[in-house]
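Visitor: Okay, handing you the structure first.
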Amino acid sequence: MRLGLVLVAALCGLGAARAETPDQRAKALMAKLTLGQELALLHGNFALRAYDAAYGLPPAPPVPGALGSAGYVAGIPALGIPALQEVDGGLGVSVPPDAQDGHGSTPLPSGLALAAGFDPAMAYAAGAMMGREAFERGFNVLLAGGVNLTRDPRGGRNYEYLGEDPLLAGTLDGALIRGVQDQHVLATLKHFAMNDQETNRQFDNAVIGEAAFRESDGLAFEIALETGHPMAVMCAYNQVNGQYACASHHLLDDVLKRDWGFTGFVMSDWGAVHSALDINAGLDQESGEEFDPVTYFSTPLAVALSQGKVARARVDDAVRRILRAELTVGLMDHPPVRAPIDFAADGAVAEQEEAQGLVLLKNTGLLPLSPTVRRIAVIGGYANAGVMSGGGSSDVVPKTLPQLLPVVQMGEGLAGIYTRAILDPDAPLAEIERQAPGAEVRYDPGLYPSQAARLAKWADVAVVFAPKWETESQDVPDLSLPAGEDALIAAVAAANPRTVVVLETGNPVLMPWLPKVGGVVEAWYPGAEGGKAIARALFGRIDPSGHLPMSFPASTDELPRPVVPGQDAAPGQITPVDYNIEGAEVGYRWFAARHLPVLFPFGFGLSYTSFRFSHLRLGPGLGVSFDVCNTGKVAGATVAQLYLTARNGVAMARLAGFARVALAPGETRHVSLTLDPRVLADFDVAADDWALPGGTYRFGLGDSAADLTEGSAAHLRAQRVAP
Ligand code: GLC
């Protein structure tokens, strides 16, 4: 009996010990740390020595203990505190082939392809795949989770993010972050905040009112934070309202930690720290210290502490946040276990994401191509070698490659630091040949329009690939396709109107040839198995079902800033970017408020079948339901979109809810949603919360911001929503 009681007590005791929260365990660890050990946890290295010269860094020895990636923070093994092996990025594990086993990783398609799928489950699967590959490569931090809105359709990193709408971007980013962190790998909600363009990014000053910020970029971050529970946030390079983001007490303490209840830690972007005193604003860790003139969070911070300019309690809080984050995600209890990457399974995730994200923009009936077509001309876009990917810290070296990594030099200076474009394998040409085994398929690189036109004349159908490389650190000057691609497409279409254009772009583009072609597919950056997804869509093996996550403008004249700000800024010149021009009216909301025509609207996407939306019911409360029916003859998917179109008689355009629905021919699905009141409300700066006015709310249901077939209205009572 006694022994039994002792055993139970022991087990309970053990159980109690195991029941300690991450915060309690962090507190217990804190008690064992010296100040020196604490400070060592507050700064980390850039550990990609192969890239030092490219970044203008002086030669340096390898960082002891680092695997060789974007970041490394030494741990304290004696206390079970692991080193942080930090690897980029938002679209897969970004490790140069010469680091580690050289086997590369699985590049996901552009974040815009994920966004065009409007599918949180796909976002989770993409995050889980990236997180798993990071874990298998030995990394415990994946610098993924970018959610900056498309405020400028020339933004160099828009391809990494999730479009122009806060509800869509925040929802998908939260799901992606959850997917990563469920693999016991820390993700980083980034770049907080208003890092919405790349040119002059370290010296831009984003000027925006508080309400406009909270209702747009802020809402995307807030939704991602509450649905994804990221335990790290990366603060951005730029200033916001005159204060560097990584030194902004308002952003980091007032909004992120106080209003939104963020319990993780804030890491800087690489080279985004300007003083040891930035810690007083809520910054917790200095990343990539080699990019700073001094390692601020080392000796300068110790001096500031000794001078009373920084409180010890603030240093303790920063360390506790870091430890709590690691414990919450499981970095201490589940250290990475090296394992070979399953490229087949992970490639299937990439292919599925691309298949769901392909947007059919035009189809005169030319698509899907018949498998019995006899002569096919495939033209341009390196389609015989691979598919385009974006440039910058998120670029992923694909799986084990033949001798030569298919890379296209984009010239010096075009992209500041980044000058090479990796072509992801799985060339569309080979995949098209597989889809039409009986056809004669000929390829022309598209260097000479006259030569391409002759091939097009020979063919039954011509497929022209039109890539546009975009990159971190540099916005593009306009919305045109580069390198004479417009002239190439025009020449091919003049020779054969049965021409399909496949865009591989990281942003919207202008299409002067649009009336002359029979079909247009936006494939974004297609990812590891992008060629398969494109070919299967062209031949109707899958229904291209993506919907645009960003508006395609008809010209740059209509944009809030017709010229990209900072294009001519001198190095180091602080350049104000007035985001108050549009405020929270980003993208489709801007065009709708001014009744401006666009080339293709937000949410637009054709299909090989057709759909009907019906039975829209509003209420009770914020509940909404409706039916979607596939009225066509083939299986397909659509994205049902519900927009707030008027509030108390005032016209509005706000995506209030969405659902991706895949249906067999004739099938009907009943969909129920609960709306987020913040999308319908205004942010009340004085009260620091959301105010939903009472009154009549009119909604429209359809498959794009510009095509709402079902409408209804409801009366909602006034309410306040705390952040
Ligand atoms: C870069 C990027 C950031 C990336 C980091 C590490 O400058 O802004 O997204 O994670 O530095 O490479």
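Visitor: Mind checking which residues of the range 135-152 are hydrophobic (A, V, I, L, M, F, W, C), away from the ligand (no atom under 13 Å from the Cβ) and crowded, with 24+ Cβ neighbours inside 10 Å?
Guide: Listed by number, the list holds a single entry, 149.
Visitor: Right, here's the next one. Out of the residues in the range 230-245 meeting the condition of being within 16 Å of the ligand (Cβ to nearest atom) and among the small types (Gly, Ala, Ser), tell me which one is surrounded by the most Cβ atoms within 10 Å (Cβ to Cβ).
Guide: 232
Here's the yes/no breakdown for (1) among the hydroxyl-bearing types (Ser, Thr, Tyr); (2) closer than 26 Å to residue 584 by Cβ; (3) part of a strand (DSSP E or B):
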position: 645; (1), (2), (3): yes, yes, yes
position: 654; (1), (2), (3): no, yes, yes
position: 661; (1), (2), (3): no, no, yes
position: 670; (1), (2), (3): no, no, yes
position: 696; (1), (2), (3): yes, yes, yes
position: 701; (1), (2), (3): no, yes, yes
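Visitor: Among (1) modelled with pLDDT under 95; (2) more than 30 Å from residue 359 (Cα to Cα); (3) charged (D, E, K, R), where does residue 710 come up short?
Guide: The one condition residue 710 does not meet is (2).
Visitor: Of all residues in the range 154-202, how many are free of Cβ contacts under 8 Å to residues at least 60 places away in the same chain, within 16 Å of the ligand (Cβ to nearest atom) and surrounded by fewer than 24 Cβ atoms within 10 Å (Cβ to Cβ)?
Guide: Qualifying residue count for the region: 0.
Visitor: Of the conditions (1) buried (at least 16 other Cβ atoms within 10 Å of the Cβ); (2) free of Cβ contacts under 8 Å to residues at least 40 places away in the same chain; (3) not acidic (Asp, Glu), residue 609 clears all except one; give me its number.
Guide: (2)
Visitor: Suppose we filter the range 536-572 for residues that are touching a helix residue (DSSP H, G or I) at 6+ places or on another chain (Cβ under 7 Å), within 21 Å of residue 195 (Cβ to Cβ) and of a type in the set (Gly, Ala, Ser); how many remain?
Guide: Qualifying residue count, the range 536-572: 1.
Visitor: Which of the residues spanning the range 257-274 are of a type in the set (D, E, K, R) and either surrounded by fewer than 24 Cβ atoms within 10 Å (Cβ to Cβ) or more than 18 Å from residue 194 (Cβ to Cβ) (or both)?
Guide: Scanning the range 257-274 gives 257, 258, 259.
Visitor: Would you mind stating whether residue 79 is surrounded by fewer than 24 Cβ atoms within 10 Å (Cβ to Cβ), over 13 Å from the mean Cα position of the chain (by Cα), under 28 Å from residue 333 (Cα atoms) and of a type outside the set (D, E, K, R)?
Guide: yes
Visitor: Another question, if that's okay. Taking the range 605-627, which residues are out of contact with any strand residue (DSSP E or B) (no Cβ under 7 Å at 6 or more places or on another chain) and within 27 Å of residue 112 (Cβ to Cβ)?
Guide: Scanning the range 605-627 gives a single hit, 610.
Visitor: Can you pull out every residue in the range 586-634 that is in contact with a Pro (Cβ under 9 Å, 6 or more places away or on another chain) and over 30 Å from residue 515 (Cα atoms)?
Guide: 622
Visitor: Condition test on residue 248, is it within 15 Å of the ligand (Cβ to nearest atom), farther than 23 Å from residue 171 by Cα and surrounded by 22 or more Cβ atoms within 10 Å (Cβ to Cβ)?
Guide: no
Visitor: Restricting the range 420-447 to residues that are assigned to a loop (DSSP other than H, G, I, E, B) and hydrophobic (A, V, I, L, M, F, W, C), which is farthest from residue 378 (Cα to Cα)?
Guide: 423
Visitor: Follow-up question, since we're still on this one. Quick one: count up the residues across the range 475-506 that are surrounded by fewer than 24 Cβ atoms within 10 Å (Cβ to Cβ), part of a loop (DSSP other than H, G, I, E, B) and not charged (D, E, K, R).
Guide: 9
Visitor: Let me ask another. Can you name the residue in the range 624-645 that is touching a residue at least 60 places away in the same chain (Cβ under 8 Å) and either over 25 Å from residue 360 (Cα atoms) or not assigned by TED's automatic domain parsing to the domain that holds residue 681 (or both) and, of all such residues, is surrounded by the fewest Cβ atoms within 10 Å (Cβ to Cβ)?
Guide: Here the answer is 645.
Visitor: Residue 453 passes all but one of (1) assigned to a loop (DSSP other than H, G, I, E, B); (2) in contact (Cβ under 8 Å) with a residue 40 or more places away in the chain; (3) over 25 Å from residue 562 (Cβ atoms); which number fails?
Guide: Residue 453 satisfies every listed condition except (1).
Visitor: Can you tell me how many residues in the range 82-105 are more than 15 Å from the ligand (Cβ to nearest atom), at pLDDT 95 or above and in contact with a Lys or Arg (Cβ under 9 Å, 6 or more places away or on another chain)?
Guide: Here the count works out to 0.
Visitor: If you don't mind, there's one more thing I want to ask. Could you list, in sequence order, all residues of the range 375-419 that are modelled with pLDDT of 70 or more, assigned to a strand (DSSP E or B) and within 16 Å of the ligand (Cβ to nearest atom)?
Guide: Once the filter is applied, which keeps residues that are modelled with pLDDT of 70 or more, assigned to a strand (DSSP E or B) and within 16 Å of the ligand (Cβ to nearest atom), the range 375-419 yields only 391.
Visitor: Of all residues being within 16 Å of the ligand (Cβ to nearest atom) and in contact (Cβ under 8 Å) with a residue 40 or more places away in the chain in the range 15-51, which is farthest from residue 276 (Cα to Cα)? Just the residue, please.
Guide: 50
Visitor: Among the listed residues 295, 227, which satisfies the condition of being farther than 26 Å from residue 45 by Cβ, more than 16 Å from the ligand (Cβ to nearest atom) and β-branched (Val, Ile, Thr)?
Guide: After applying the criteria, what remains is 227.
Visitor: Here's another thing I want to ask about it. Hey, any hits in the range 298-321 for a residue that's within 16 Å of the ligand (Cβ to nearest atom), crowded, with 17+ Cβ neighbours inside 10 Å and of a type in the set (Gly, Ala, Ser)?
Guide: No, the conditions are met nowhere in the range 298-321.
Visitor: Can you tell me which residue in the range 69-81 is nearest to the ligand (Cβ to nearest atom), limited to those that are touching a strand residue (DSSP E or B) at 6+ places or on another chain (Cβ under 9 Å) and part of a loop (DSSP other than H, G, I, E, B)?
Guide: Only one residue tops the list, namely 70.
Visitor: So the check is Cβ under 7 Å with 6+ separation or different chains; which pairs have a first residue in the range 211-233 that's among the aromatic types (Phe, Trp, Tyr) and a second one that's assigned to a loop (DSSP other than H, G, I, E, B) and buried (at least 24 other Cβ atoms within 10 Å of the Cβ)?
Guide: Filtered contacts from the range 211-233: 221/147; 221/193.
Visitor: Turning to a different aspect of this structure: For the range 564-581, what are the residues that are of a type in the set (A, V, I, L, M, F, W, C), in a loop (DSSP other than H, G, I, E, B) and either surrounded by 14 or more Cβ atoms within 10 Å (Cβ to Cβ) or at pLDDT 95 or above (or both)?
Guide: Correct list: 564, 569, 574, 581.
The values are calculated or read from the model by the stated rules, or taken from the named source; none is laboratory data. All values derive from a computational prediction rather than experimental measurement. As a convention, Cβ positions derive from the backbone with ideal geometry for all residues, glycine included, and neighbour counts pool all protein chains shown.
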